[in-house]
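Only the coordinates and a few stated rules stand behind these numbers; no lab work does. Since the structure is predicted, the reported quantities are computational estimates derived from the model, not experimental observations. A quick note on method: Cβ atoms are made from the backbone with ideal geometry, for glycine too, and the neighbour counts reach across all protein chains shown.
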Amino acid sequence: MRLVILDNASDVAEWAAKYVTKTINDFQPGPNKYFVLGLPTGSTPYGMYQKLIEYQKAGKISFKYVKTFNMDEYVNLPRDHPESYHYYMWNTFFKHIDIDPKNAHILDGNAPDLVKECLNYENKIKEAGGIDLFIGGIGPDGHIAFNEPGSSLTSRTRVKTLAQDTLEANARFFGNDVSKVPKQALTVGVGTVMDAKEVMILINGSHKAFALYKAIEEGVNHMWTVSAFQQHPHTLIICDEDATLELRVKTVKYFKALSDVHQKLIQENETMERYRTLH
Ligand code: GLP
């Protein structure tokens, strides 16, 4: 596992956007070779999306041959509700880039048969050839996507009832009224994300410091589902200083001493082969 510690949230956004750009460009996507990207919503990846839009407009990256799969979506929230993940993705990102809308996949929380919707989603990921890079965020309770504490670490895409901590954390998007937060969501499973060739998780803020500690310094634990990625061969966690507050000084020093190596991961003249060998 790699931990890239940066000064603040805007550095995290920029680093992540550069990494996505480099990874897609190194892959050299084309009409017979699509790059498959897993995407999160939330306040954490927002800055990364802004940067990616900027890079696309500047001609540094294209999403023409990219397929995307979002992590999750609320159940029974209309698609055009400003807090639906459909609304977030289209307005924050997709409508500003050159992606073909048919290649941008988001779970449908209003599907008549939710179980079937989840199964189909897994099949669509498989048909696309699997996810090349899954980008994720976490909740303060260490959940990835909507894999709440106690979720199976081999779980697949399914309906999930949200934990009280998540309802409270997300109430800020619903006028601070916890009763307005949908109680259920569709989410990719931990196993779905684990199948990706690479996983990049963005973590900012002191309110997520304990979760980062659980993710890195303690063992794999289904009560902190992000900790499962200790067992993924290519996990990259990008965090800001505030998120490291619960880590041991020794841990922080170790990863900070690797900052030159980390910088190379986003340098345009470095190849992915080099990345793999460094991992
Ligand atoms: C929700 C989403 C997660 C997201 C998390 C963090 O719980 N299901 O996918 O990572 O929120 O959101 P934020 O980045 O706003 O803290």
Worksheet item: Are any of the pairs K18/K116; K18/K208; K208/K250 more than 27 Å apart by Cα-Cα distance, and if so, which?
Response: K18/K116
Worksheet item: If you stretched the chain out fully between D165 and E127, how much longer would it get, using 0.36 nm times the residue separation minus the C-alpha to C-alpha distance?
Response: 10.2 nm
Worksheet item: Expressed in nm to one decimal, what extension gain is obtained for the pair F210 and V249 from 0.36 nm per residue of sequence separation less their Cα-Cα distance?
Response: 12.6 nm
Worksheet entry | Using θ = phi - 60° and Karplus 6.51 cos²θ - 1.76 cosθ + 1.60, couplings along segment 101-109 (whole Hz; Gly, Pro as x) | x, 5, 9, 9, 9, 9, 4, 9, x
Worksheet item: In terms of Cα to Cα distance under 21 Å, which lysines are near enough to K22, apart from those fewer than 8 places away along the same chain?
Response: K33, K51, K57, K60, K64, K67, K197, K264
Worksheet item: Calculated FRET efficiency, K180 and H234, Cβ-Cβ r, R0 45 Å, to nearest 0.05?
Response: 0.75
Response to the item:
the chain: antiparallel bridges as % of DSSP beta bridges, rounded to 5, reads 30 percent
